[in-house]
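A short worksheet on the structure shown next.
Read the figures in this text as sums done on the coordinates, not as results from a lab. Since the model is a prediction, treat every value here as computed from it, not as a measurement. Cβ placement follows ideal geometry from the backbone for every residue including glycine, while neighbour counts extend to all protein chains displayed.
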Amino acid sequence: MIGHAFMGAAHSHAWRTAAHVFDLPLRPVMAVLCGRSVTSATAERLGWKTVASDWQDVVTRDDIDLVDICVPGYLHEPIAVAALGAGKHVLSEKPLANTLAEASRMAAAAGPADATAMVGFNYRRVPAIVRARTLVASGRIGDVREVRASYLQDWLAGPSAPWTWRMSADQAGSGALGDIGSHIIDLAQYLTGSLVSGVSAISETFTKERPGGTVSVDDAVAFTARLSGGALATFEASRVATGRKNGLSIELYGTEGSLAFDLERLNELRVSGQRVLVTEPDDPYLDAWWPPGHVLGWDATFVHQVRDLVTGIADGTDPAPTFADGLAVQRVLDAVARSASNEAVWTATATS
Ligand code: SOE
């Protein structure tokens, strides 16, 4: 695994746990934790056997079969392309890349490779989300007419929150848009089985200077969209939504019914207004966990991600979301950024 911050810790937990919960066809061995300043103590705490400081050395090593990329976005492409070129399986954190060109090159490298490549849109692994996808695909809510999606956090609401790489366009590509907007774009496309075909966006950087650096990405973005299946959609992503910690919500309205999901109640799905607890043994992933009603948490999504990735490697298949799915999200991120920067299409209201 390259990287060892927040996502590195979440992925490490999943690599440690998956084989204890699921009957995996292959047993992951957590061989090397790689980072410029990683210590043996960190590696030991997270469950890794050894440490390395140079990703170029790690991705070609004979004793490495899979590379898990948990570093800032600008490093996704070089690491993934090198690892796939060396025949390694790859799991890359989201969004797939910082730019459409980088994401295209990653998808092109993954396409012909024998290795498996997956992008870490972990919310596809919430049992209630998988159940929602099954309900939409079976026609339970009819034709989807409207999608409402929002992802709201507040860790940048105050101007004193320190600058990090996530506030740098060079390192992160974009702000709330790529970091958390990418999740709801992926979910909307996954749940409806259609693609975003066009957008109209606005975005803002409310705090331009922070302790430690200049902010070159958006704090918040909102956009309307059309989906290829005919639905209208609205999306909001914010890291300055005061009081909201990790509020991801997505609602689908169809001709026959509706579905609503809220990450803060991740074991539940609202089906045409009725609350359904998604913790039965026949619900996705649940047979391996606890008895009905013994709810799961955010960390389980990463455990499920490892389970599906390892199963895909054993089967020789690319489990979704593939790099092609990551590229499909990147096309939307690119369109939103272009739309938000294009004041020409902005319609001002009359002043009198
Ligand atoms: C930070 O905004 C973050 O950790 C995202 O990067 C994750 O993808 C999201 O799941 C939680 O918030």
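Please give me the summed charge of the neighbours of S150: other residues whose Cβ is under 11 Å from its Cβ, Lys and Arg +1, Asp and Glu -1.
-1
Pairs of alpha carbons in the range 220-274 separated by more than 19 Å make up 42% of all such pairs. Note on the range 136-208: the alpha carbon radius of gyration divided by the globular reference 2.2 N^0.38 Å gives 1.41.
Based on the alpha-carbon gyration tensor of the chain and its eigenvalue square roots a ≥ b ≥ c, which shape applies: rounded if a/c is under 1.5, prolate if not and a/b is larger than b/c, or oblate?
The shape class here is oblate.
For the range 200-289, the list of GluC sites (Glu not before Pro) that fall in a loop by DSSP and count at most 12 other C-beta atoms within 10 angstrom reads E256.
Using the Cβ of P291 as centre and a radius below 15 Å, the other residues enclosed give a net charge of -4, where K and R count +1 and D and E count -1. Separation of the range 175-191 from the range 262-313 is 20 Å, based on Cα centroids.
Taking the convex hull of the alpha carbon atoms in the range 1-51, what volume per residue do you get, in Å³?
Dividing the Cα hull volume of the range 1-51 by its residues yields 66 Å³.
A simple rule links phi to the HN-Hα coupling: the Karplus curve 6.51 cos²θ - 1.76 cosθ + 1.60 with θ = phi - 60°, which for the range 145-160 gives 9, 9, 10, 10, 9, 9, 9, 10, 10, 10, 5, 10, 4, x, x, 8 Hz, with x for Gly and Pro. Toward the positive end of the charge dipole of the range 201-352, with +1 on the Cβ of Lys and Arg and -1 on the Cβ of Asp and Glu, the farthest Cα among V221, F235, T322 is that of V221. Sequence-distant contacts, meaning Cα pairs under 8 Å at least 6 residues apart, place the relative contact order of the range 100-189 at 25 percent. If you average 1/r over every pair of different alpha-carbon atoms in the range 1-145 and take one over that average, what Kirkwood value in Å do you get? Its Kirkwood hydrodynamic radius stands at 16.5 Å.
Listed by chain and number, the lysines placed with their C-alpha closer than 25 angstrom to that of K208 are K94, K245; residues fewer than eight positions away on the same chain are left out.
Per residue of the chain, the DSSP helices (runs of n ≥ 4 H) give a summed -39500 (n - 2.57) that works out to -9500 deg cm²/dmol at 222 nm. Between S138 and T224, the modelled label-to-label distance comes to 3.4 nm, taking each label 7 Å out from Cα in the direction of the beta carbon.
For L75, neighbours were defined as the other residues whose beta-carbon sits under 12 Å from its Cβ, and their charges (Lys and Arg +1, Asp and Glu -1) total -3. A straight line joining the Cα centroids of the range 145-173 and the range 21-45 runs 28 Å. The distance linking the range 229-261 with the range 74-138 is 23 Å (Cα centroid to Cα centroid, whole angstrom). DSSP bridge analysis restricted to the chain gives an antiparallel fraction near 65%, rounded to the nearest 5.
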